[in-house]
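First up is the structure itself, then whatever we jot down about it.
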Amino acid sequence: MNSQQDSAPTTETNTSSMLAERSTVFLLAITCGLSVANVYYNQPLLADIGRSFDISVQQVGFIPTLTQIGYAVGLLFLVPLGDKVERRGLIVKMLFMLACALVATALSPNITWLSVSSFILGFNSIVAHLIIPFVARMTAVAERGKVIGTLMSGVIVSVLLARAASGIVGNILGWQAIYWIAAGLMIVLAFAIRGRLPVSKSSDKLSYRQLMQSLGHLVRQQPVLREAALNIALIFAAFNAFWVTLVFRLEAPPYYYGSQVAGLFGLVGIAGAIATPFIGRLVDKWGARVLVGFALAISLSGFVIIWIAGNYLIALILGVLLLDLAMHAAYVSNQVRVYNLVPNAESRLNTVYMVTNYSGGALGSFLGTYSWAMWKWNGVCALSFSLLVVALVVHLSGRRSRLKQV
């Protein structure tokens, strides 16, 4: 008994000192970013993939949807293990599995294979959500916003670059090439993580079944968790509805651009990525709920600009900038709210939050491509704006319910 009690503080001390080293935090940020980036490579490539397999917009629109559904399923069934098993080994194994899924995607001979491999790719792309709750657990509550903001800046930069890189690489080498490159990066990161991070065993003795059952208990017992998860799901649905249809908008009049330009639009959001650590500090200073309100106001403003003046390139760029900034602010703010709820349950809290988030994203991808097929750009903008209005209602309703309790 005593030896077990002594080992936990030792591991915690080693991990805390490890997190103080900038090179390790940089490695973790890169790993988080590149693992999540795999989910987004297909968005600027949808038109190219559709032409490659000679399929319709509705059919190819299911590829990012399936990827995000796979991601949500992986979050549900794999991320809770972060509260139970040795974390370094789990992260390394997932990186190798991710490399295999990327190779399978690159080798896809038809749309059926691509659909299955895209789901598996999403399922294995959850490495960031093993790392971030682990780091949050080792960080003081007063500094969690700053730390999570720093890691999320790596995620956001990678996601933005993923869209740009996949668009450029796809235009030059074909859409499969980006998946080969990404597979090589996952293998390199697996060896780097194994050589850099210490062994980190969990003291939680719950069985896997008990872990999964506890997810339901957390949802029922934590109203803030329900509110934050639903809020970010609605925002992410609006965000994805825009991004999966942007390439079709840019190929249409008056732009006539291709996948390369659609990918480069991801770089517009780099300002939001740079601002993410600052957003984390504002969360620590002003409170997460206040920042969520600001994020909703900014995102609604962004869609008004895109909808009304979307035929002008400068307006489209400004709208994308506002949307990315709002999405990052809402994501970090809601995530901090969730991590502060129950000590030693960060991975499970993150599971509920992220499964809801990416389920919303998958729904947004599906509804976005459907809206484009039926009503073109006006349909996409109306859909996204409506989703954000519902998110605002959820946010204000949560505030009113707390005031009544007081």
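Only the coordinates and a few stated rules stand behind these numbers; no lab work does. Just so we're clear, the structure is a prediction, and the values are computed from it rather than from any experiment. Here Cβ is always computed from backbone atoms with ideal geometry, including for glycine, and neighbour counts include all displayed protein chains.
Remarks
- Folded to 0 to 90 degrees: helix 223-251 orientation relative to the chain principal axis, Cα: 30
- Sequence-ordered 3J(HN,Hα) estimates for the range 210-217 from the Karplus curve with 6.51, -1.76 and 1.60 and θ = phi - 60° stand at 5, 4, 5, 5, 5, 4, x, 4 Hz, glycine and proline given as x.
- Relative contact order of the range 2-405, defined on C-alpha pairs under 8 angstrom at six or more residues apart (%): 26
- Selection from 49, 160, 141, by position along the positive dipole direction of the chain (Cβ): 141
- About the centre of its Cα atoms, the chain shows a dipole size close to 880 debye [charges on the beta carbon of Lys, Arg (+1) and Asp, Glu (-1) only; nearest 20 debye].
- Over the Cα atoms of the chain, the radius of gyration divided by the Kirkwood radius equals 0.96; this is the Rg/Rh ratio.
- Positive minus negative residues near residue 156 (Lys, Arg vs Asp, Glu; Cβ under 13 Å): 0
- Take the Cα of residue 344, step 7 Å toward its Cβ, do the same at residue 286, and the gap between the two points is 3.6 nm.
- For the range 181-315, the percent of C-alpha pairs falling in each 10 Å distance bin, counted from 0 to the bin holding the largest distance, reads 8, 22, 26, 29, 11, 2.
- Among 190, 299, 243 the positive-end extreme of the charge dipole of the chain (Cβ point charges): 299
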